[in-house]
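What follows is calculated from the coordinates using simple rules that are stated; it is not laboratory data. No experiment lies behind these values; they were computed from the predicted model shown. Virtual Cβ from ideal backbone geometry, glycine too; neighbours counted across all protein chains shown.
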Amino acid sequence: MLLIACPYCGNRPETEFRCGGQAHIARPSDPGSLSDEQWAEHLFVRSNPRGVHAERWNHVHGCGRWFNARRDTVSDRFLETYKMGETPQSQKSTSTDSTSTQAEARA
Amino acid sequence: MLEALYRTARALPLGRAPASDPAGTGVVIKPAGAEARFALRIRDAGASAAGLPLDGPINSVRGDDRRWIARLGPDEWLIGCDESEADHLPAAIAADLGERAHAIVDVSHRNVGIDVSGPLAAVALNAGCPLDLGEAAFPAGSATRTLFGKAEIVLIRHPGAAPRYRVECWRSFSTYVHGLLAEASLGVGETARR
């Protein structure tokens, strides 16, 4: 049985979860200015990497919360899970574009 | 008043008789009596409301057998209480929470409780529930939403050394859950002897 670490409940069996597709897709700030192609790109086009993939997961038969996970699509191994709005541990030192990191930098 | 009459007349789909135990496993599966239940949702809950503690950790239950509150998520609680209390409890909770935005919903008609006890109760539950029900992972006082077979349940382990579980499922799932539990308990003794 595959265990997934829910950020709220800890390690729980995979059957309690539901996958919600790719994570960290920012909604365009001004949708009216986009062309149909750009809007379709935002709505429908997702990456399908061979390797580490950031995904949204829902602990639907548990606490009911959504969270993000980084999963290796080759080995099906969960590298880490983190709450919505948080920065993954692996990107804390390098990335500067996420809001929480910016907030930390300002503080 | 009509509400109160309606409530007491509520049929218990499983009756009240404990399931027979032909294999002599000691697992007692007994449908619970009529009880009132409420779903409470609130963000940033305080310490308590109407005498029910809201500050417990996620996936824990507080209170006693007749009045319990289980925290199922960061902002979600399931409350069980006596039918006689059902008419006053929502108002008492709303009064204690005051201006804070919250939702309290009567789900008494949706939920059916089944009490499972006996030394091998966890083994019977594990026939359909993928959780680790060992002493370290699911000690007394734990409560969580999970799956039992194909049905979603809320599993509560009452405080106390002896394993006493409450399975809360939806009404339409109750015959399935009860049947699966009864069937699982048949194999429990055999598992223990092996």
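Points worth noting:
- Note on A:ARG50 and B:SER172: their simple-model spin labels are 4.4 nm apart, each label 7 Å out from Cα toward Cβ.
- Model label sites at A:ARG27 and A:LEU2, defined 7 Å from Cα along the beta-carbon direction, differ in position by 2.9 nm.
- In the protein assembly as shown, a dipole from Cβ-located charges (positive for Lys and Arg, negative for Asp and Glu) runs towards its positive end, and of B:ALA140, B:ALA184, A:ALA23 it is B:ALA184 whose Cα lies farthest in that direction.
- Label-zone membership for the range A:56-72, site B:ALA39, 7 angstrom Cα→C-beta point, backbone N under 16 Å: A:59-66
- Peptide A:59-66 - average C-beta neighbours from other chains (10 Å radius): 6
- Ratio Rg/Rh, restricted to chain B and using Cα atoms, in which Rh is the Kirkwood radius: 0.98
- Check: chain A dipole with +1 on Lys, Arg Cβ and -1 on Asp, Glu Cβ, in debye: 360
- Pairs of Cα atoms farther than 17 Å apart, the range B:37-82, %: 16
- Computed Rg/Rh of the protein assembly as shown, alpha carbon atoms with Kirkwood Rh: 1.04
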